[in-house]
Amino acid sequence: MGKRRESRELAIQFLYQMEVRSEDMPDNRDLELFWGLFTGPFRVTSSVKEFSLRLVRGVLEHKEEIDATIQRFTSNWQLNRIAIVDLNILRVALFEML
């Protein structure tokens with residue numbers, strides 16, 4: 001599996017876990033701790049970790065803007081009706097396009 005693909009998968013899984021657990025999204029200083037706990041059972045190379053964290057940080061920092069963009073193109077459909085996995089895939093994809 002390519003490193004970027006692996007990074008995207010981990011970022012989406014991490015964002016999903018945070019949303020499902022209804023936890024406040026961590027600030028940057030806590031992100032490394034949460035990330036370490038999340039990836040503990042996985043073998044994650046430094047390049048995969050670096051890109052994944054960049055995606056997660058970017059989504060968290062631009063979440064309002066990203067969600068507003070998604071909402072603008074989902075007429076008659078609220079964000080809370082979109083499956084969490086699908087929503088986080090869209091968030092990561094839109095962040096990469098910013």
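Tabulated data
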quantity: Residue list for the range 58-68, restricted to those being within 16 Å of residue 15 (Cβ to Cβ) and either touching a Ser or Thr at 6+ places or on another chain (Cβ under 8 Å) or not in a loop (DSSP other than H, G, I, E, B) (or both); calculated: 58, 59, 60, 61, 63, 64, 65, 66, 67
quantity: Hits in the range 36-57 - residues which are part of a loop (DSSP other than H, G, I, E, B) and either touching a strand residue (DSSP E or B) at 6+ places or on another chain (Cβ under 8 Å) or of a type in the set (A, V, I, L, M, F, W, C) (or both); calculated: 42, 44
quantity: Qualifying residue in the range 3-25 (condition: touching a Ser or Thr at 6+ places or on another chain (Cβ under 9 Å), buried (at least 16 other Cβ atoms within 10 Å of the Cβ) and without any contact (Cβ under 8 Å) to a residue 40 or more places away in the chain); calculated: no
quantity: Every residue from the range 84-98 that is among the charged types (D, E, K, R) and in contact with a helix residue (DSSP H, G or I) (Cβ under 7 Å, 6 or more places away or on another chain); calculated: 91
quantity: Some residue of the range 71-82 being in contact (Cβ under 8 Å) with a residue 24 or more places away in the chain, surrounded by 13 or more Cβ atoms within 10 Å (Cβ to Cβ) and part of a helix (DSSP H, G or I); calculated: no
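Every residue, every condition in (1) within 15 Å of the chain's Cα centre (by Cα); (2) within 21 Å of residue 2 (Cβ to Cβ); (3) not charged (D, E, K, R), yes or no:
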| residue | (1), (2), (3) |
| --- | --- |
| 19 | yes, no, no |
| 58 | yes, yes, yes |
| 68 | no, no, yes |
| 76 | no, no, yes |
| 90 | yes, yes, yes |
| 95 | yes, yes, yes |
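Residue-by-condition table, conditions (1) modelled with pLDDT of 90 or more; (2) of a type in the set (Gly, Ala, Ser):
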position: 20; (1), (2): no, no
position: 24; (1), (2): no, no
position: 31; (1), (2): no, no
position: 63; (1), (2): yes, no
position: 68; (1), (2): yes, yes
position: 76; (1), (2): no, no
position: 79; (1), (2): yes, no
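The values are calculated or read from the model by the stated rules, or taken from the named source; none is laboratory data. Everything numeric here is computed off the predicted structure, so don't read it as measured data. Cβ coordinates were reconstructed from backbone atoms using ideal geometry, including for glycine residues, and neighbour counts include every protein chain displayed.
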